[in-house]
Amino acid sequence: MLVAGAVLAPGKRTVTQALRVMGLADQPGFGRYHEALNRARWDAREVVRRLLLHLLALLWPGGEVVIAVDDTIERRWRGKIKARGIYRDPERSSHGRFVKTSGLRRLSLAVMLPVPFAGRRWALPFLTVLAPSARWSEALGKRHKTLTDRARQAILQSKRWLADRRVVVVADSSFAALELIAAVRRHVCLITRLRLDASLFEPAPARRPGQRGRPRLKGKRRPRLSAVLTDPATVWTRVTMTEWYGGQRCALDYVSGIAVWYANGLPPALVRRVLVRDPSGERDAQAFLCTDLDLEPAAILGRFVFRWRIETTFQEVREHPGVETQRQWSDLAVLRTTPALLGLYSLITIWAHGLMAVPGATVRPHAAARYAKSQPTFSDAIAAVRRVLWTPQDLCGSRHETERVEIPARLIERFVETLCLAA
């Protein structure tokens, strides 16, 4: 009931709203539905495992699995939410503007899968964890886990579930940390951004026979990437990306090589670095690193572009499944509700995909004369799923007048009340 109500409900995704849209507003035992989130005992990790394997079985049964890792801020202001903190708002901030907001920081992992009815890859979330601030951990007397600590745990857990598949993890510069690279590189291929002023060195020379002492960790220092970018002697290679940001074709120049990323007191990382510039000068230069030394630069760039899809997912889960509109303040409900709504995004996608096999049911783009929408988006997917849920099973058609059907009065009341409250 809660899942169907969350799909059908307009506006806020509270338990009360879910019960109201399902016709259970006067249910005497409504408290049991709230207890499913704030008291009931169930294994969330097992739910996540089943969701991930189900997504892959339906949309990508074999081959390399690309997983995007990113954090997002769930804007919440209630004082009773203990894990609430003040964070930088990535959606409203820019290079020249810093905006802070009150809310909960979530770390989310999404598998990048091709969606047939959409004609492109979507980022489908399967694992979302709360990542509170150091102040919250200190107030509870707990050891603080940084964002990269939680990312390490989530990546290794996902790899254990996908032990027989090659896993590529793409992440933004927040996860370009030497500790994270050292912890996961033996298990997954990690691709992140790299700072242009990172300290890079030649690989350590081979140890000479009879040489004493500790082996060298690095070779000679290499010029910083910012210097390589402006050096006229740099030899660039041109590549055309068929799918760059915004789904556009883009010509790029790159220079690549093997280097050791080193910082004092941290484990050095042998990585493939890729420096990219835009020949037209419209976009800023960027640098990337990859822990798979044999992966081609064009393949590294192509996989990293997949990460952009998770930003679209974060935007759509706020607009359609109603993340940030729930009103729970219990600690357990806060931990569960937002990950459940993000997982619902993935469930709606595969339910819409299943409609392709149903005669007469399809996912159509909601286009108009002034809005030529060629491919369906998530709003069209959730509309198709809602259409199925709203269709009653006990409709009976008249034998004589084919355009007349009998609709239960109780269903009509639900229709009218939902439409009246939609605004």
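The values are calculated or read from the model by the stated rules, or taken from the named source; none is laboratory data. Because the structure is a prediction, the values reported are computed rather than measured. Don't worry about glycine lacking a Cβ; one is built from the backbone with ideal geometry, like all the others, and counts go over all protein chains shown. With ligands, DNA and RNA removed, areas are computed over all heavy atoms of the protein, side chains included. Shrake-Rupley method; radii C 1.70, N 1.55, O 1.52, S 1.80 Å.
Residue-wise test of (1) out of contact with any Asp or Glu (no Cβ under 8 Å at 6 or more places or on another chain); (2) open to solvent by less than 50 Å² (accessible area, probe 1.4 Å); (3) modelled with pLDDT under 95; (4) on the phi > 0 side of the Ramachandran plot.
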{"residue": "S256", "(1), (2), (3), (4)": "yes, yes, no, no"}
{"residue": "G265", "(1), (2), (3), (4)": "yes, no, yes, yes"}
{"residue": "A287", "(1), (2), (3), (4)": "yes, yes, no, no"}
{"residue": "G322", "(1), (2), (3), (4)": "yes, yes, yes, yes"}
{"residue": "Q326", "(1), (2), (3), (4)": "yes, yes, yes, no"}
So, of the residues in segment 132-166 that are in a loop (DSSP other than H, G, I, E, B) and of a type in the set (K, R), which turns out to be surrounded by the fewest Cβ atoms within 10 Å (Cβ to Cβ)?
R143
Here the residues within segment 328-364 that are modelled with pLDDT of 90 or more and either of a type in the set (V, I, T) or under 13 Å from D380 (Cα atoms) (or both) are V334, T337, T338, Y345, I348, T349, I350, W351, A352, H353, L355
Among the candidates S102, S94, residue that is polar (S, T, N, Q) and open to solvent by 50 Å² or more (accessible area, probe 1.4 Å):
S94
Cβ pairs under 8 Å, 6+ apart, first in segment 364-390 and open to solvent by 30 Å² or more (accessible area, probe 1.4 Å), second acidic (D, E)
R364/D380; P365/D380; H366/D380; T377/E316; S379/E316; S379/E319
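With respect to D164, is the statement that it is acidic (D, E) and at pLDDT below 95 true?
Against the criterion (acidic (D, E) and at pLDDT below 95), D164 does not qualify.
How many residues does segment 208-229 contain that are of a type outside the set (V, I, T) and surrounded by 11 or more Cβ atoms within 10 Å (Cβ to Cβ)? It would help to see each step written out before you state the result.
Start the filter on segment 208-229 by keeping residues that are of a type outside the set (V, I, T), which leaves 208-227, 229.
Narrowing the set further to residues that are surrounded by 11 or more Cβ atoms within 10 Å (Cβ to Cβ) leaves 216-219, 221-227, 229.
So the count comes out to 12.
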Go through segment 118-151 and count every residue that is closer than 27 Å to D43 by Cβ, among the basic types (K, R) and more than 19 Å from the chain's Cα centre (by Cα).
3
Segment 13-32 residues that are in a helix (DSSP H, G or I), paired with ones that are open to solvent by less than 30 Å² (accessible area, probe 1.4 Å) (beta carbon under 6 Å, 6 or more apart)
Q17/A9; A18/G5; A18/A6; A18/A9; V21/G5; V21/L8; V21/A9; V21/T418
Segment 45-70 residues that are farther than 25 Å from I300 by Cβ, paired with ones that are open to solvent by 20 Å² or more (accessible area, probe 1.4 Å) and aromatic (F, W, Y) (beta carbon under 9 Å, 6 or more apart)
V48/W161; R49/W161; L53/W161
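Do the conditions hold for S330, that is, is it over 27 Å from T192 (Cβ atoms), of a type in the set (S, T, N, Q) and in contact with a helix residue (DSSP H, G or I) (Cβ under 8 Å, 6 or more places away or on another chain)? Quick ask: steps written out before the conclusion?
Values: over 27 Å from T192 (Cβ atoms): yes; of a type in the set (S, T, N, Q): yes; in contact with a helix residue (DSSP H, G or I) (Cβ under 8 Å, 6 or more places away or on another chain): yes.
Against the criterion (over 27 Å from T192 (Cβ atoms), of a type in the set (S, T, N, Q) and in contact with a helix residue (DSSP H, G or I) (Cβ under 8 Å, 6 or more places away or on another chain)), S330 qualifies.
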